[in-house]
Amino acid sequence: MTLQLLDIGETADRLSWDAICAEVADLSAKEPLLQGLLASIFSRSDSLSEAMAVILANLLHAEGIDRTDLTALFAEALAEERATAALMRDLQAVRERDPACTTFLHALMNYKGFQALQAYRIAHWLWARERRELASFISNRTSLMLGPDIHPAARIGTGIMLDHGSGIVIGETAVIDDDVSILQNVTLGGTGKITGDRHPKVRRGVMIGAGAKIIGNIEIGQFSKVAAGSVVLKPVPAHCTVAGIPAQIVRIHGAAEMPSVTMNQDI
C-alpha cells in the first residue's frame, strides 16, 4: 500500500495551476478550433476551482438562471478549503487510475464522472446550508446533463473516481470514504420504502465494478472489491473480493492491496 500511495503523491507533485495552464497552451496550439473555448474558461480563471466553476456553469446553466451568477455561486462553493482539496484529490485520482486520461486538462474538460462529482460537492455544500431546493435542482440538472444521480445529502470523501459516470446512482444516506473507485452503472441504493439510514457505507480503498448493485444499509469493508454485475445484499468484510448474484466472497486479499488504485478487474 505504501508504494501505491507514493504513486499518487508523484501525481500530486505534477498537479499545479501552472501545469494545467501549460496543458491549456499546448492544446490551444494543437487544436485551433478549441482556442476560443479554452480562452473563455481559463483566461478569466486564476485557480483550478475558478476554472471548474466556469466549466460546470457552462454545462449546468438553464434558461432563466444567469450564467454569471451561477458561476459565482459555484466558485464560492469550490473555493472553500475542503472543496478545493477534494477537487484536487479527485483530479489526481482520475489521472492516476485511468490509463485513458493523458492530462489533467483532459479530465477537467471531458470526464463527466469527474465533473458530476464536483457538481455534487457544490450541491452538498448548498444542502448543508439549508438551501435544499437549489441543491436538489443542481443535483437533478447534473443527472440530466452528465449522467450520475447523486443525492446532495450523501457523504462522499476525496480521491474518488467515478469512471465514465453513466448510470451511477448514489442514495441520500450513502457514505463513501476516501480513495474509492466506482465504475459505470453502479447503484448504491435503498430497499423499498424503508426510511432513515438505508443506503450502503463504502469504506476506503474499495473498487466497485461496472453494473454492480449494492442495496441497503450495509458496509463494504475497506480495501475490498465488488466484481462487475454483482448484487450485494449483505455486508462485505475488509480485504476481500465478492462476486455473483447474490454476491459471495471469492477471494481474500493481501493487506497491502488497494483495489481502487490498482483497478484490477480480475476476480
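The values are calculated or read from the model by the stated rules, or taken from the named source; none is laboratory data. All figures in this text were calculated on a predicted structure; none of them were measured in a lab. Neighbour counts run over all protein chains shown; Cβ positions are idealised from the backbone, glycine included.
Please verify whether region 184-198 includes one or more residues that are buried (at least 19 other Cβ atoms within 10 Å of the Cβ), under 13 Å from Thr173 (Cα atoms) and modelled with pLDDT under 95. Scanning region 184-198 turns up at least one residue that is buried (at least 19 other Cβ atoms within 10 Å of the Cβ), under 13 Å from Thr173 (Cα atoms) and modelled with pLDDT under 95. Note on region 12-29: residues that are at pLDDT 90 or above and polar (S, T, N, Q) amount to 1. Filtered by the rule that a residue be in contact with a Leu (Cβ under 6 Å, 6 or more places away or on another chain) and buried (at least 22 other Cβ atoms within 10 Å of the Cβ), region 119-147 gives Ala119, Ala135. Exactly one residue out of Ile220, Ile245 is aliphatic (A, V, I, L, M) and buried (at least 17 other Cβ atoms within 10 Å of the Cβ): that is Ile220.
In region 98-121, of all residues being modelled with pLDDT of 95 or more and charged (D, E, K, R), the one that is farthest from Leu37 (Cα to Cα) corresponds to Arg121. A search for C-beta distances below 8 Å between a residue of region 186-198 that is in a loop (DSSP other than H, G, I, E, B) and any residue that is of a type in the set (Ser, Thr, Tyr), counting only pairs 6+ apart in sequence or on different chains, returns Gly190/Thr173; Gly196/Thr173; Asp197/Thr173; Arg198/Thr173; Arg198/Thr191. Region 211-267 holds strands (runs of 3 or more DSSP E) entirely within its bounds, and those carrying 2 or more residues that are in contact (Cβ under 8 Å) with a residue 12 or more places away in the chain, closer than 20 Å to Ser166 by Cα and of a type in the set (Val, Ile, Thr) map to 213-215. Among the residues of region 199-228, those identified as within 13 Å of Val175 (Cβ to Cβ) and hydrophobic (A, V, I, L, M, F, W, C) are Val202, Val206, Ile214, Ile218, Ile220.
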